[in-house]
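Colleague: Sharing a structure with you now.
No lab work stands behind these numbers, since they all come straight from the coordinates. Worth saying up front: this structure is predicted, and the values here are computed from it rather than measured. Using ideal geometry, Cβ is built from the backbone for each residue, glycine included, and neighbour counts are taken over all protein chains shown.
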Amino acid sequence: MKKWIYGWLLFAFLSHRSFAQESELKGLGTWNVLNIKADIGERWTIFVEPQLRSLRWYDHFHYYEIKGGVTYDLSKTFSLTTGFGRYDTYQEGGDFVTPKANNEIRTWLQLQMYQYLNRIRFEHRYRAEQRWTSRGYRNRFRYRFNTLMPLNGPKVEPGIFFLTASDELFLTDRAPYFERNRFFAGIGYEFSPLFTLQTGWMNQFDYRINDETGRNFLQISFLFELQWQQAERTTRPDSMN
């Protein structure tokens with residue numbers, strides 16, 4: 001196990017150096033996530049998640065959000081989520097350059113469905129967002145397909161590395177309807193039932209948006225899960241995004 005940990009730390013260090021060099025040439029941004037969840041019953045979970053993003057390597061910070069909500073597990077393969085949050089986007093060219101590009105309050109309803117093939121988990125996530133933005137009210141609809149595979153064990157638990165990848169489409173009810181595609185690929189490690197670390201590459205293609213911009217990011221997610229009542233985990237590790 002120590003070899004796995006040392007190898008992971010070496011990978012993280014080398015990735016940090018390579019991403020830093022890459023950012024000087026192509027403007028790699030950063031996407032920092034802190035996700036805290038608490039199981040408050042056999043089926044109920046509450047969560048809060050702040051995010052901070054920059055368009056360059058920990059420079060030109062231009063976006064932050066804070067959101068929270070509640071999830072109800074209908075079964076091992078279905079869950080419902082509702083949440084709300086604040087999302088602020090600043091102008092490009094520096095740290096929190098004003099005036100803001102967008103100031104938004106958002107609510108959403110979400111359905112998650114899970115499928116399992118041996119130790120690989122597939123997730124389908126459908127989300128309908130209600131957005132009160134600086135440019136008026138907007139609806140948005142999102143679909144994300146995610147896969148997660150443990151590497152050195154049958155399931156994600158303490159001491160297990162995992163690979164994860166996802167692709168997400170952003171649509172609206174206004175022509176031309178398509179807004180964004182977001183792709184993520186990364187690796188994670190569960191240190192304990194309380195703490196999981198996940199990192200990877202995020203790529204966005206933006207077509208028609210009025211919120212956060214940027215094409216390539218290094219995403220680092222710190223995932224904490226508090227279990228007030230023991231329950232089987234069906235949706236973790238994951239960030240809401």
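Colleague: Could you run the Karplus curve 6.51 cos²θ - 1.76 cosθ + 1.60 with θ = phi - 60° over the stretch 64-74 and give me ³J(HN,Hα) per residue in whole Hz, x for Gly and Pro?
Modeller: Karplus values, whole Hz, x for Gly and Pro: 8, 8, 9, 9, x, x, 9, 10, 10, 7, 6.
Colleague: Using Cα-Cα distances under 8 Å and only pairs 6 or more residues apart, what relative contact order does the stretch 2-227 have, in percent?
Modeller: The value is 16 percent.
Colleague: Additional query: Could you tell me which of rounded, prolate or oblate describes the stretch 2-227, using a ≥ b ≥ c as the square roots of the eigenvalues of the alpha-carbon gyration tensor, with rounded for a/c under 1.5 and, failing that, prolate when a/b is larger than b/c and oblate otherwise?
Modeller: Values: a/c = 1.75, a/b = 1.15, b/c = 1.53.
Oblate, because a/c is 1.5 or more while a/b does not exceed b/c.
Colleague: Are there trypsin sites (Lys or Arg not before Pro) in the stretch 80-149 that DSSP marks as loop and that have at most 13 other Cβ atoms within 10 Å, and which are they?
Modeller: Those that pass, being in a loop and sparsely packed, are 135.
Colleague: Here's something else I'd like to know. Amide H of residue 101 versus every other amide H placed in the peptide plane: which residues, excluding those fewer than 5 positions away on the same chain, fall under 5 Å?
Modeller: Those qualifying (amide H under 5 Å, at least 5 residues apart or on another chain) are 89, 90, 91.
Colleague: Turning to a different aspect of this structure: Kindly write out, for the stretch 150-163 in residue order, the coupling ³J(HN,Hα) from the Karplus curve 6.51 cos²θ - 1.76 cosθ + 1.60 (θ = phi - 60°), rounded to whole Hz, with x marking Gly and Pro.
Modeller: With the stated coefficients, the stretch 150-163 comes to x, 9, 10, x, x, 8, 6, 7, x, x, 10, 8, 9, 9 Hz.
Colleague: In whole Hz, what ³J(HN,Hα) sequence does the stretch 184-195 give by Karplus (6.51, -1.76, 1.60; θ = phi - 60°), x for Gly and Pro?
Modeller: Result, rounded to whole Hz: 9, 9, x, 9, x, 8, 8, 6, 7, x, 8, 10.
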